[in-house]
Each structure stands twice: as structure tokens, then as C-alpha cells.
Amino acid sequence: MIWGRFALSSMGEIAVRTSIAGFSVIALGTIAITAIGLLAMPLRLFGRPAIKPFYLIAAFGALSGLLNGAYVALVIFLVTWCYFVACALLLVRAFEQHGSKVVLRCLLWAFLLPLGSQALSVALGAPKVGPDGSLSYIGTYGHESVFTLVTMAATLGVVLNPWRRPRTGFFGLGIMIASLLLANYRTMIIAAAPLFIAPIVQVIKPGRHALGRVAVLVVVLIVVIPEIAPRLIGDRFDEIGTLSSGETDLLKPPEDFTAREKDVLSARAYIWSSYFYGSARTEPVQRLIGHGPDSRAPELTVHAHNEFLRILFEFGLLGLLLWLAVFALQIVKVLDVDPPHLRLALLAGYASLFLGAMGTAYFNRPEGMIFLAILCASTWYYSSPRRA
């Protein structure tokens, strides 16, 4: 199922623009592989306690969609969540039958297709040029945000993989760092930090060679990153320095933004304000249940670029509280994971998930659901009493 989505995305613009019965090829293909995954799954898997909280999220989203009359968006919302359910349940079943080592190694092979597409775009010198002139090497993907969700999922697979030799895992992380820098998406470069830090923390422990390995890694990072990063990401992080200096106040209603302030952080601050005040100024019922899946803030045609604000606007305060409760439950499960290095890796995964969710769309895209499925399936498997 995961490779199938990557294969559809590798078709590029053809898969997006070609329409059959009103649906794009990539949409129809995703619906088809989701249906196959669900139909091929033993019925008993659907009753697993670990997946049931996510049914509540899907059910509440369906309720909000029905009450707001967002029927087309509701279909897309349900397909996306069905895709997550199928991926997560099939992954945890594979973990139990074949062991996490075998499954994670096989899973990493699926990422060769998107990463190979990126490598080809680098070799051909065919980047996507952004409005600000920045270059993003993302292969056949239409936007760097979607491609970096794939890279994040691959990074999680590398971090969770029980490599026999640590140097192999660090080599894999090096590839992931290069991929993120080439994709040049600021949000995910920041969000990936916990996943890159966790393996370094794991090797800093008593041992003859541990200090040497860390020293070599630090030297490489100090030498290589200053040389490569400026050429790839240019001044894309300058705005963060502007915000931290306190010279610009962005905590205000959207109508108070000046033309210059609307452009800060690729207009994110203005968009966040629009969604927050759009939620606060709506009718009492919609404050509780939201405006329905894929709804937009007043006078905006873009998504919230922040999953917490998107959920608040689409599913209301009750929906947001439900989401936070479900993910708090996952983190509680992680605290029961043993050995400690797996617990650290999973906590790093959730930290990266929440950092990424603060700056881009995550839970309404199949690529984001792939990351979530790997993370949740690993959480359920490693925290299972039966495994212990």
C-alpha cells in the first residue's frame, strides 16, 4: 500500500491532472489500494483496542462533515483515514508475524522510488523553483511539503531499524539529511531535528569507541553543513531571526496585518491568525464541532499550515481536544516501551510529528498518514505485553 502511493506520485502531473469520472488518477488509485488493503485484512484486526481511539477521530470528523454539508470533502477525509487504518493495522500484524527488523528493512526499500526520483532530478539539474527563487529538488512531486513528509517517514524507518552496526544507521541518516536539505522545506528541516538527535544520544554511553564516533560525527556536521546548507536554503531562516528579535508583532487579528507582515514566514502568521480568529468569531455550535473537513477560513483559499489550527477550525474545540487526548494516549504507551533506546526513538518520532504539524498539513494527506501509521504501529507493537 505504501509503495503503491509512491508509485502513483511518481507519475507526476499526469496523475494529478488526468481526470476519470471527476477524480484524478492519483485519487482513484489511492481509493483502490485502500479498498484492497481493507478487504484483504482479517476482520479481527479491526477490533484491536489500539486502533479504536482513531475510529473516534474519524467518526467525529464524519459528524462534523455531515452537519456542515461538506459531503465531497467528507469522502476524501474518510478515504484518508481508511488508508491510515489499513497501513497501521497491516504493519503491526507484519511486526507480530515477521519481527520488526525484517519488516522495517523491507519497508525502507519502498522509499527507493521517491528518493530515486529526487536523485534523478538532482542529476538532471531539474529543481522546482519557488516564488522567492529558492531551489527544491523533489523529483516528480508537485510540492516540497508532500515530498518531505515521505522523507520524514523514511527517516523514522531508519531511526527505528535495529542496525547491527551503528555506522550503517548513521549512513542512512546522512542520506535523509541530504534529502531534506535538497528538498529545501524549512518546516520539515526543523521538524526532523528530534529524529536526527535521538540516534546521537543513543551512542553517547560508556564504551571504548563511543566518544570517538560522536567526535567524528560532530566534526563532519561542523564541516559539511555550513558548506552545503547556505547554498540550498539561502536566507529562508532569516525571518525566524526577525520574529525572535521581537521587532514584529504578529499576535493580532488578520485585518490588522500590514502588507509586509502578511509575507512573513511565507504568509503563515497571517494564515494562522485567520484560522484562529475564524474559529473564535464563529457561531457557538461551530466553535464546538467546527466547519467540516477541508473548510477554509474567511477570505482564504489555502489550508491552515498548522494542523492544530486546522483541526480547531474544521472540527471545533471538541475535535481538537479529542485529537490531543488520542495522541496523549499514544505517548503514554511509549513510556511503557522497553528497551530505552526504542522509547527514545519513538518519543523523537512524536516530537517530530508535532513540530511538523505546527507548520504544514500532516493528517489530511496519505503521505502524512504513512508517517503516522509507521509511528503508531511501532508504538503498539513495542508496547505490547505479548511482545514482552
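The values are calculated or read from the model by the stated rules, or taken from the named source; none is laboratory data. Here the structure is a predicted model, which means the values were calculated and not measured. Don't worry about glycine lacking a Cβ; one is built from the backbone with ideal geometry, like all the others, and counts go over all protein chains shown. Surface areas here come from the heavy atoms of the whole protein model, side chains and all, with no ligands, DNA or RNA. Shrake-Rupley method; radii C 1.70, N 1.55, O 1.52, S 1.80 Å.
Can you give the calculated 222 nm mean residue ellipticity of the chain, where each DSSP H run of n ≥ 4 adds -39,500 (n - 2.57) and the sum is split over every residue, rounded to the nearest 500 deg cm²/dmol?
Dividing the helical sum by the residues of the chain leaves -22000 deg cm²/dmol.
Please list, in chain and number order, the residues 5+ apart from LYS128 or on another chain whose amide H is under 5 Å from its amide H, with Hs placed from the backbone.
SER136, TYR137, ILE138
Round to a whole number: what % of the accessible area of the stretch 322-388 belongs to carbon and sulfur, probe 1.4 Å?
Roughly 67 percent, rounded to a whole number.
Are there trypsin sites (Lys or Arg not before Pro) in the stretch 104-179 that DSSP puts in a loop and that have at most 15 other Cβ atoms within 10 Å, and which ones?
Here the trypsin sites (Lys or Arg not before Pro) that fit, given the DSSP loop and packing criteria, are ARG164.
Dipole size in debye (nearest 20) for the stretch 6-145 around its Cα centre, Lys and Arg Cβ +1, Asp and Glu Cβ -1?
The calculated dipole for the stretch 6-145 is roughly 500 debye.
Run the numbers for CYS106 and ILE31: contour at 0.36 nm per residue of separation, minus the present Cα-Cα distance, in nm.
Value of the extension gain: 24.6 nm.
With the full set of protein chains in place, find how many percent of the accessible area of the stretch 1-70 is carbon and sulfur; take the probe as 1.4 Å.
Carbon with sulfur: 74 percent of the solvent-accessible area.
Can you pull the Rg over Rh of the stretch 261-345, Cα-only, Kirkwood?
Computed over Cα atoms, the ratio is 1.14.
Just to confirm, what accessible area per residue do you get for the stretch 1-142 at 1.4 Å probe, in whole Å²?
Averaged over the residues of the stretch 1-142, the accessible area is 50 Å².
Test of understanding: what is the full-extension gain from LYS262 to LEU318, defined as 0.36 nm times their sequence separation minus their Cα-Cα distance?
Result for the pair: 17.2 nm of gain on full extension.
Students often forget the sequence filter, so: which lysines lie under 19 Å Cα-Cα from LYS252 once same-chain residues fewer than 8 apart are removed?
Output for LYS252: LYS262.
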